[in-house]
Amino acid sequence: MTTVKATPETEVERLLCCILPGTEWENHLYCVGGYVRDQLMGLDSKDLDLVVDLEGAAEAFCQRLHEIWPHCTTGPHQLGVHYPIWHIGFCRDIRIEDQTYHVKGAELDVADTQQESFPDDESRQRVTRFGTLEQDARRRDFTVNQLMRCCTTGKTVDPSGRGQQDIRDSVLRCHPDVDPRQVFRDDPLRMLRMHRFTVKYNWHPTVEVENAVAKEAHRIKIVSGERVRDELVKMTQTGNFANAIDYMHHTGLLAYILPEVDILTTVDQGTRHHSEGNAFQHTLLLLSKVDPTTVACFVALLHDTGKLATQERDGDHVRFHGHEEASGVIAGAVMRRLRFDNQTVDKVTFIVSNHMRAHHSKDWNSRAVRRFVRDMGDDLEAVLHQTEHDGQSSYGADGQPKPNIIPRLRRRIEEQLVIPIRQKPILGGQAVMDILGCSPGPRVGTAQRWLQEHVDQAACLGHEASAEEATVWLREEYDEGAADDGV
């Protein structure tokens, strides 16, 4: 086994090696899956999954651990009804004679070895029953994830005979006795996992695996939005999200999970402002530049999805007037379909809808700069980053990126921040109603916006207005008719 640093999980293995000999679980308990794979690759892993090739032994094993160390372990509980897995955690380190096992924080998922079937074509719901070690391995997606390690001897078991070599060769293949199409037909989420492994580890699926994905891609529709979301988020964390999106387009999977992005390959942008290629190629270029965070990646991914609906041609010139608003609507719909939380949906939608606004900043006066900062609020930095990377991913007819306008805008913002930019109206709604003698309604908001313009004008002249001054302005200078006309 490749040497890895000690973790609570590796300490659990050391503990098991000590306590298993002479018990009914000796030579029957195995570490499995990604935990073994990652350790053979020299990586840390916290996902410690165990299988027992004795029927009903998973529950008995967890209960026995808790009986021996009731104050060091959490109470065992079953995670699933149709696919029974027993969970137990360690809340304290364990000492046996003169040995301390630093297992605090480790979490174990333990199951009997299984064989499974998927009787319903419209569901990922599996039916399981007890199986052999070999059957348990064959139900797993790829040979690199079928590896096991005996907790008694520490010996690695390679049921397919290819898993360890495939790790060394960076190859993704299914068990040689299993049809890859059946692997993905049974559980279509495995197709997304294949793409994630490809970009995370720079692995190369076999031709048979790629062909199987192309033929079974339509099956991804039975996977819930939450599960698709989770896999996509994991892809963003690899730092290779652009490659993941491009590869999913290549295999045909993207057309089923994100058709709004896949169709961008058909959106010609012309060469005057986008000689880098069509809208999909531009999106990939942008994705390669942004930070590997969920918000930044999904903003970049969806920022131009409204271009198809807003495309206008004037000879060789292609325009997309209002595409940012259209993209914002689409982005919101996509994020909700993927079951993102409301805060993330709102944030991505807002940034996408405003990603073009700063492109016009060279013509702004100081009040416009202050208005922009106020309107962007807490998302100011995210909008600036998106705008900057978007510009650097847009190539003119000369093949060069557009001039970077953001550094100058940042300097202008910094100059304006000498006098703080108010996010809230200088006078509250009740104060405005008292001064104007009006009831709640649109008149209040109109007056507050008029006041904000005066506050900004004063700030541009180096003066920070007070609430008292705002009260005087509203009483003596406010022209409601002019304010309604936008003055």
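Condition first: assigned to a helix (DSSP H, G or I) and within 24 Å of T471 (Cβ to Cβ). Can you find one or more residues in region 387-402 that meet it?
Among the residues of region 387-402, not one is assigned to a helix (DSSP H, G or I) and within 24 Å of T471 (Cβ to Cβ), which makes the answer no.
For D341, indicate whether it is among the acidic types (D, E) and either closer than 21 Å to V267 by Cβ or in contact (Cβ under 8 Å) with a residue 60 or more places away in the chain (or both).
No, not satisfied.
Residues that are in contact with a Ser or Thr (Cβ under 7 Å, 6 or more places away or on another chain), modelled with pLDDT under 95 and surrounded by 17 or more Cβ atoms within 10 Å (Cβ to Cβ): does region 106-115 have at least one?
Yes, that holds for at least one residue.
Hey, among the residues in region 452-479 that are assigned to a helix (DSSP H, G or I), more than 41 Å from the chain's Cα centre (by Cα) and aliphatic (A, V, I, L, M), which one's nearest to V369 (Cα to Cα)?
A458
From the list R229, R185, exactly one residue is modelled with pLDDT under 95 and not assigned by TED's automatic domain parsing to the domain that holds L308. Which is it? Walk me through how you get there before you give the answer.
Numbers: R229 fails: modelled with pLDDT under 95.
Unique residue meeting the criteria: R185.
When you scan region 305-323, do you find a residue that is outside the structural domain of D378 (by TED's automatic domain parsing), crowded, with 18+ Cβ neighbours inside 10 Å and within 24 Å of R196 (Cβ to Cβ), even just one?
Checked region 305-323: no residue is outside the structural domain of D378 (by TED's automatic domain parsing), crowded, with 18+ Cβ neighbours inside 10 Å and within 24 Å of R196 (Cβ to Cβ).
Just to check your reading of the model, which residue among F340, F350 is surrounded by 20 or more Cβ atoms within 10 Å (Cβ to Cβ), within 24 Å of the chain's Cα centre (by Cα) and not in a helix (DSSP H, G or I)?
Checking each option against the conditions leaves just F340.
Looking at R37 and the list (1) farther than 16 Å from L108 by Cβ; (2) part of a loop (DSSP other than H, G, I, E, B), which single condition is not satisfied?
Going through (1) farther than 16 Å from L108 by Cβ; (2) part of a loop (DSSP other than H, G, I, E, B) one by one, R37 breaks only (2).
Do the conditions hold for R422, that is, is it in the same structural domain as E381 (by TED's automatic domain parsing), surrounded by 12 or more Cβ atoms within 10 Å (Cβ to Cβ) and in contact (Cβ under 8 Å) with a residue 24 or more places away in the chain?
Here the answer is no, as R422 does not meet what is asked.
Can you name the residue in region 39-56 that is out of contact with any strand residue (DSSP E or B) (no Cβ under 6 Å at 6 or more places or on another chain) and buried (at least 18 other Cβ atoms within 10 Å of the Cβ) and, of all such residues, is farthest from Y101 (Cα to Cα)?
Per the stated criteria, the residue is D53.
Which of the numbered conditions does Q400 fail, given that it passes all the others? Conditions: (1) crowded, with 21+ Cβ neighbours inside 10 Å; (2) over 28 Å from the mean Cα position of the chain (by Cα); (3) more than 20 Å from P420 (Cα to Cα).
Result: Q400 fails condition (1) only.
If we scan region 362-375, do we find a residue that is in a loop (DSSP other than H, G, I, E, B) and of a type outside the set (A, V, I, L, M, F, W, C)?
So far as region 362-375 goes, yes, one or more of its residues are in a loop (DSSP other than H, G, I, E, B) and of a type outside the set (A, V, I, L, M, F, W, C).
Taking the condition in contact (Cβ under 8 Å) with a residue 60 or more places away in the chain, among the acidic types (D, E) and more than 21 Å from R371 (Cα to Cα), does D390 pass?
yes
If you check K234 against the conditions, is it surrounded by fewer than 19 Cβ atoms within 10 Å (Cβ to Cβ), in contact with a helix residue (DSSP H, G or I) (Cβ under 7 Å, 6 or more places away or on another chain) and farther than 22 Å from C31 by Cα?
When the stated conditions are applied, K234 passes them.
Residues being farther than 18 Å from H359 by Cβ and not in a loop (DSSP other than H, G, I, E, B): count how many of those fall in region 307-328.
Matching residues across region 307-328 total 4.
Do you know which of the residues in region 407-454 that are within 25 Å of Q386 (Cβ to Cβ) and polar (S, T, N, Q) is modelled with the lowest pLDDT?
Q423
All but one of (1) touching a helix residue (DSSP H, G or I) at 6+ places or on another chain (Cβ under 7 Å); (2) of a type in the set (V, I, T); (3) assigned by TED's automatic domain parsing to the domain that holds M356 hold for T283; which doesn't?
Going through the list (1) touching a helix residue (DSSP H, G or I) at 6+ places or on another chain (Cβ under 7 Å); (2) of a type in the set (V, I, T); (3) assigned by TED's automatic domain parsing to the domain that holds M356, T283 breaks only (3).
The values are calculated or read from the model by the stated rules, or taken from the named source; none is laboratory data. Just so it is clear, the structure is predicted and the values come from calculations on it, not from any experiment. Because the Cβ atoms are built from the backbone with ideal geometry, glycine has one as well, and the counts that use them run over all protein chains shown.
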